[in-house]
Structure formats: structure tokens, C-alpha cells
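Notes follow the structure.
The values are calculated or read from the model by the stated rules, or taken from the named source; none is laboratory data. Everything numeric here is computed off the predicted structure, so don't read it as measured data. Note that each Cβ is placed from the backbone with ideal geometry, even for glycine, and that neighbours are counted across all protein chains shown.
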Amino acid sequence: MSDDFPTQDAAKRPRRWPKVLLAVSLVMNLLVLGAITGAHLRDGRAPGGPGFDRTALHSTGFAPFFAALPHEARGEIGEALRRRGEAARPDRAALEAEFARIIAALKAEPFERAALETVMAAQQARVSARVEAGRAALLDVLAGMSPAERSAFAERMEDRMARGDRKR
């Protein structure tokens, strides 16, 4: 009969699962916090944050330059682009409108190549303005560097390019 009821010692023993659950929860929270903090510190701002477009950086060919720049110089370029205003900022509304016009031109019967070409030319002009703003900001920062800073920058670019060739 004593097997049917827990003994007094078993009833006083604390359960382990709440402590395990608490430990697992704490570890998960720390991992999420670490991932967010790491992403923020990696680029100086959160991915997708205002003013930072990693895809555009790579597609315009500025990635090797940006990667070799000191952190402070990256901030200077960001500030210069913000001062330049609309030409340097992606216009999401205009992009959506252009894609809507592209889709309409593609679906139109009969197909009108000239209509599609007009929309694509406007899109290209806007992208070119952004690339030009980035190029001008980069040149301003490089022109403001001392000869020693420019030399160190060139060496960092050279190292990054050599590493990129080895990865291929």
C-alpha cells in the first residue's frame, strides 16, 4: 500500500523541469539579443535600416570601396548622401509605380516596346542618379584623406581583392 502514495521525501523534492525551462528560455533570449546586436554592430546600423542598401552597394560596384573604408569614413559617406537628399535615397513609391507600369506594358496587347522602353529609361535614370551621388560622396571622402590614410585604404582594398580571388 505504501507503493500507491508518494513518500514524504518525494513530495518535498523540487521538480527539475521549471529550472530547465527557465535556462532554455534564457539561452534563447540571449541568442536573439546577440544576433540583433551583432547585426547592428556589423554595419553600424541594423540591416535594412534607413540609408543602408546592401544590394545596391554590391550591384553598383562600390562594395570593395565601402568594405575597405574605415568605419568613420562610412559614416561620412552616409551623411553626405543624406545631405544630397532625394537623388541618393531609394524612392520606393516611384519604384512600385514603375514596376506597375512595366507589368501593364508587358500585359498589353498589342505589345508596345516603346512604352516599356520609356519606363525602363526612367528607372535607369533614377538608378544612375543614385550611383552618381554615391560616387561623388566616395570621392569627397577619399579626397579628404591624408596620403597615409589613402595608402592604407588602397592596401585594404588590395587585400580584400586578393582574398576575393582566392575564394573563387
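A few notes on this one:
- Identity of the residue in segment 138-163, of a type in the set (A, V, I, L, M) and more than 16 Å from PRO64 (Cβ to Cβ), that ends up surrounded by the most Cβ atoms within 10 Å (Cβ to Cβ): MET145
- Flag for ALA80 being surrounded by 15 or more Cβ atoms within 10 Å (Cβ to Cβ), in contact with a Leu (Cβ under 8 Å, 6 or more places away or on another chain) and closer than 28 Å to ALA68 by Cα: no
- With respect to (1) over 27 Å from the mean Cα position of the chain (by Cα); (2) in a helix (DSSP H, G or I), the lone exception for PHE111 is condition (2).
- Exactly one residue among ALA143, ALA125 is among the small types (Gly, Ala, Ser) and within 23 Å of GLU76 (Cβ to Cβ), and that residue is ALA143.
- Qualifying position, being under 16 Å from the mean Cα position of the chain (by Cα), among the small types (Gly, Ala, Ser), within 30 Å of GLU158 (Cα to Cα) and modelled with pLDDT of 75 or more, among GLY61, GLY75: GLY75
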